[in-house]
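For reference, the structure is listed below as structure tokens.
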Amino acid sequence: MFAYEIEASKALLAKASRILVITHIAPDGDAIGALTAVGLGLEQLNKQFTLACDDQAPNRFSFLTLVDRLQTVLTHNAYDLVIAVDCGDMQRMGCVFADLPDPKPPIINLDHHVTNTMFGDVNVVDPKANSATEVLYYWLPALGVTLTPPLALSLLTGIVTDTLGFRTVGVTPRTFEAAGDLMRAGADLTLVMSEALTLKPLSTLRLWQMGLNNMRFEDGLLWSVISNEERKATGFEGIGSAGLVNMLADVYQAAIGAVLMAYDDGKVYVSFRCRPPYSVSELALNLGGGGHPLAAGCTLEGPLSKVQEMVVAMAKETIRSQSQLS
Ligand code: AMP
Ligand code: MN
Ligand code: MN
């Protein structure tokens, strides 16, 4: 697989000596798993590298090696290669990329989003992969990297979190084969399941409580809006819905589940989920975001009431037009 991209990325890597690895703003398990896995791979290849993301890694990923090396603000900006992981477009790399001096370094784009804009000079993008780390599971060994236990743990974390513990639609025998191989290489599945997926702070349950309390259902859309004040009252400081949107979408009567949550800076973070035959990637793309057919999102400027009006109307229209397809 990716024979051409692998050769092209090898050529870019061979020339590079100071590499900036970037993952997407508001990082999830796949983002942090992929970031640390590339770092561990570059360590083996004796390359100098920086791991960067505009936002801190959520605490639940502190069991991963190299997560303490993540920089949210760069200490210098002289790089000769950028490796972007789990980013569907250039904007997802945030300020750590945008603030690099021009001309920007060449980019290797390692990803799995269907909405990927192929923004790299080399694009190692497989929309059939369940996670960016599944792409890395093939890419890193092709560069001569050995799957050590910490590296296997980072890769398995991305697979487990992006598939919600092997429960999403795209999971195939290959996903299990990759996971089995990573377990054989020393990754502890029980540790990943509990630390990255199951255990949660009390504030997450308070957020779900608020979200379920605010829940509304109309025309197949099951959604919840959480204002900045409400969010802060729950103590939830993370970005994203912390699984609330999955709960809403996993209801028989719901065609699409959505969560709209406001933040201090006036921005509203929107998450969408659905089941086949529905798809939310186009909806998110039309709202300036992106994602996958069954899981997508966008970030919009408030006020929350206006965002709700627009998002609810467009989501209902998506349901109306797509229900005719089935
Ligand atoms: P989330 O609902 O935050 O778990 O995100 C679901 C999917 O949508 C992920 O694959 C994200 O990469 C993608 N996504 C969420 N927000 C955005 C955004 N503002 N721009 C592009 N993709 C997004
Ligand atoms: Mn991600
Ligand atoms: Mn991902």
Worksheet item: Mind checking the angle between helix 173-184 and the chain's longest principal axis? C-alpha axes, 0 to 90 degrees, to the nearest 10.
Response: 50 degrees
Discussion item. Using only the alpha-carbon atoms, how far is helix 149-162 inclined from the longest principal axis of the chain? Give it as 0 to 90 degrees, nearest 10.
Written reply: 20 degrees
Discussion item. Under a crude label model (7 Å from the Cα following the beta-carbon direction), how far is Ser323 from Val171 in nanometres?
Written reply: 2.9 nm
Worksheet item: Hey, how many Å between the Cα centroid of segment 183-211 and the Cα centroid of segment 62-76?
Response: 21 Å
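Once you keep just the Cα pairs under 8 angstrom separated by 6 or more residues, what percentage relative contact order results for the chain?
13 percent
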Worksheet item: When ranked by the protection proxy of mean other Cβ atoms within 10 Å per residue, highest first, what sequence do the peptides 49-61, 217-229 form?
Response: 49-61, 217-229
Fill in: Taking N as its residue count, the alpha carbon Rg of segment 1-55 over 2.2 N^0.38 Å
1.21
Item to complete: For segment 1-43 and segment 226-243, write down the distance between their C-alpha centroids in whole Å.
Response: 32 Å
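With the cut-off at 1.5 for a/c, could you classify segment 155-261 from its C-alpha gyration tensor as rounded, prolate or oblate?
Details: a/c = 3.58, a/b = 1.66, b/c = 2.16.
Note, shape of segment 155-261 comes out oblate.
If packing is taken as the mean number of other Cβ atoms within 10 Å per residue, what is the order of 4-16, 147-159, highest first? Provide the component values of the computation, followed by the final result.
Values: 4-16: 15.5, 147-159: 25.8.
Listed from highest to lowest mean packing, they are 147-159, 4-16.
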Worksheet item: Angle, helix 304-323 long axis vs. longest principal axis of the chain, Cα atoms, 0 to 90°, nearest 10?
Response: 90 degrees
Worksheet item: For q = 0.10, 0.11, 0.12, 0.13 Å⁻¹, what log10 I(q)/I(0) does segment 202-325 give under the Debye formula with an equal point scatterer on each alpha carbon and no solvent?
Response: -0.26, -0.31, -0.37, -0.44
Worksheet item: Where both partners of a DSSP beta bridge lie in segment 202-325, what percent of those bridges are antiparallel, to the nearest 5?
Response: 75 percent
Worksheet item: What number, rounded to the nearest 500 deg cm²/dmol, is the helix-based mean residue ellipticity at 222 nm of the chain, given -39500 (n - 2.57) per DSSP H run of at least four residues and division by all its residues?
Response: -11500 deg cm²/dmol
Worksheet item: Just the projected area, averaged over all directions, of the convex hull on the alpha carbon atoms of the chain: how many nm²?
Response: 16.1 nm²
Item to complete: Please list, or write none, the lysines whose alpha carbon is within less than 26 Å of the alpha carbon of Lys128, excluding same-chain residues fewer than 8 places away.
Response: Lys10
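Bear in mind that the values in this text are calculations on the coordinates, not laboratory data. Because the structure is predicted, anything quoted here is derived from the model rather than measured. So basically every Cβ, Gly included, is an ideal-geometry build from the backbone, and we count neighbours across all protein chains shown.
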